[in-house]
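Asker: Take a look at this one; I'll ask things after.
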Amino acid sequence: MAVIAPPRYTFRPGALDAIMRSRNLQTDEQLALLIGVYPADLPKLRAGAKVTAELALRVATLQGDSHYIGAWFDQVAEMDAA
């Protein structure tokens with residue numbers, strides 16, 4: 001029986017900086033607090049680290065549209081382990 005993995009996402013290039021500008025944030029610490037991650041994780045997120053659907057939905061909601069995750073994220077295509 002196949003196990004369905006929950007979707008994973010990566011931030012689109014420039015998305016975190018766009019969020020900072022739209023919220024008039026001055027530091028990465030402010031951004032991390034807003035989106036609910038550790039400041040030390042931001043470089044990893046900018047480099048393409050995967051995030052959960054929960055975080056993607058939270059960020060989309062904070063930015064005003066919980067139905068438009070695609071504005072900030074790309075969905076990661078998980079490869080089947082064969």
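Bear in mind that the values in this text are calculations on the coordinates, not laboratory data. Bear in mind that the values here come from a model prediction, so they are computed numbers and not experimental data. Please note: Cβ atoms are built from the backbone with ideal geometry, for glycine as well, and neighbour counts cover all protein chains shown.
Yes/no per residue for (1) among the hydroxyl-bearing types (Ser, Thr, Tyr); (2) under 19 Å from residue 69 (Cα atoms); (3) out of contact with any Ser or Thr (no Cβ under 9 Å at 6 or more places or on another chain); (4) touching a residue at least 40 places away in the same chain (Cβ under 8 Å):
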residue: 9; (1), (2), (3), (4): yes, yes, no, yes
residue: 14; (1), (2), (3), (4): no, yes, yes, no
residue: 22; (1), (2), (3), (4): yes, yes, yes, yes
residue: 25; (1), (2), (3), (4): no, no, yes, no
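Asker: Right, another one. Condition first: among the hydrophobic types (A, V, I, L, M, F, W, C) and over 22 Å from residue 77 (Cα atoms). Now tell me which residues in segment 3-41 satisfy that.
Answerer: 18, 19, 20, 25, 31, 32, 33, 34, 35, 37, 40
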